[in-house]
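So the structure is just underneath, and the comments pick up after that.
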């Protein structure tokens, strides 16, 4: 069983990896990662997601091509990752949808963010690296994966064994981002 300190170590280890080894991912590890996503909480238990695992090398490389930009020099590492997980937004159930409307918050986006982080944290616990990618040609990804035009492909998460060590995190000081009992000090 993981204690609080061990879990914090996993959080510290998790980073956006942009270089991967060619080592394939064991199916049992991939299954636990997907189960972690599946168990993510969601508003009114809507579970507004579908996870498409892209592990066919040719298709995965086509998806990777959709993520890179020659002009901006972005995401050229994605072909290295042996697995890409594409998260598709599904329609929320009635209560989540009504709550989204009433509270002016799109709960499925929050829910998908939670599921995505579950993927990344479980991958880190398995000794794997990940990178969440929002910069990609959504229409091409949808066409390649037969995603209906009415749906959104919101994130692609690359998964693989990282080719580099965990780097030191650069974050604002905790007292710059945490307030107690009021926004104003």
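Would you mind stating whether residue 52 is closer than 21 Å to residue 122 by Cβ, surrounded by 14 or more Cβ atoms within 10 Å (Cβ to Cβ) and touching a helix residue (DSSP H, G or I) at 6+ places or on another chain (Cβ under 7 Å)?
Values: closer than 21 Å to residue 122 by Cβ: yes; surrounded by 14 or more Cβ atoms within 10 Å (Cβ to Cβ): yes; touching a helix residue (DSSP H, G or I) at 6+ places or on another chain (Cβ under 7 Å): no.
For residue 52, the condition - closer than 21 Å to residue 122 by Cβ, surrounded by 14 or more Cβ atoms within 10 Å (Cβ to Cβ) and touching a helix residue (DSSP H, G or I) at 6+ places or on another chain (Cβ under 7 Å) - is not met.
What do you reckon, is residue 40 touching a strand residue (DSSP E or B) at 6+ places or on another chain (Cβ under 9 Å), in contact (Cβ under 8 Å) with a residue 24 or more places away in the chain, part of a loop (DSSP other than H, G, I, E, B) and over 13 Å from residue 133 (Cβ atoms)?
Yes, satisfied.
Report, by residue number, each residue of the stretch 13-37 that is more than 24 Å from residue 110 (Cβ to Cβ) and either touching a residue at least 60 places away in the same chain (Cβ under 8 Å) or part of a strand (DSSP E or B) (or both). Write out each step before concluding.
Our first condition is that a residue be more than 24 Å from residue 110 (Cβ to Cβ); within the stretch 13-37, this holds for 13, 17-31.
Scanning the stretch 13-37 gives 13, 17, 18, 19, 20, 21, 22, 23, 25, 29, 30.
Considering the stretch 139-185 alone, what residues qualify as being assigned to a helix (DSSP H, G or I) and closer than 30 Å to residue 88 by Cβ?
Listed by number, the residues that qualify are 139, 140, 141, 142, 143, 144.
Please go through the stretch 17-37 and pick out each residue that is exposed (fewer than 14 other Cβ atoms within 10 Å of the Cβ) and within 14 Å of the chain's Cα centre (by Cα).
Answer for the stretch 17-37, where residues must be exposed (fewer than 14 other Cβ atoms within 10 Å of the Cβ) and within 14 Å of the chain's Cα centre (by Cα): just 35.
So, in the stretch 148-185, exactly how many residues are over 26 Å from residue 129 (Cα atoms) and touching a strand residue (DSSP E or B) at 6+ places or on another chain (Cβ under 8 Å)? If you could, list the steps in order and put the result at the bottom.
Filtering the stretch 148-185 down to residues over 26 Å from residue 129 (Cα atoms) leaves 148-151, 175-185.
Those left that are additionally touching a strand residue (DSSP E or B) at 6+ places or on another chain (Cβ under 8 Å): 151.
Number of matching residues: 1.
All of the numbers you see were taken from the coordinates with simple rules; none came from a lab. Please read these numbers as outputs of a predicted model, since none were measured by experiment. Cβ atoms come from the backbone with ideal geometry, glycine included; neighbour counts cover every protein chain shown.
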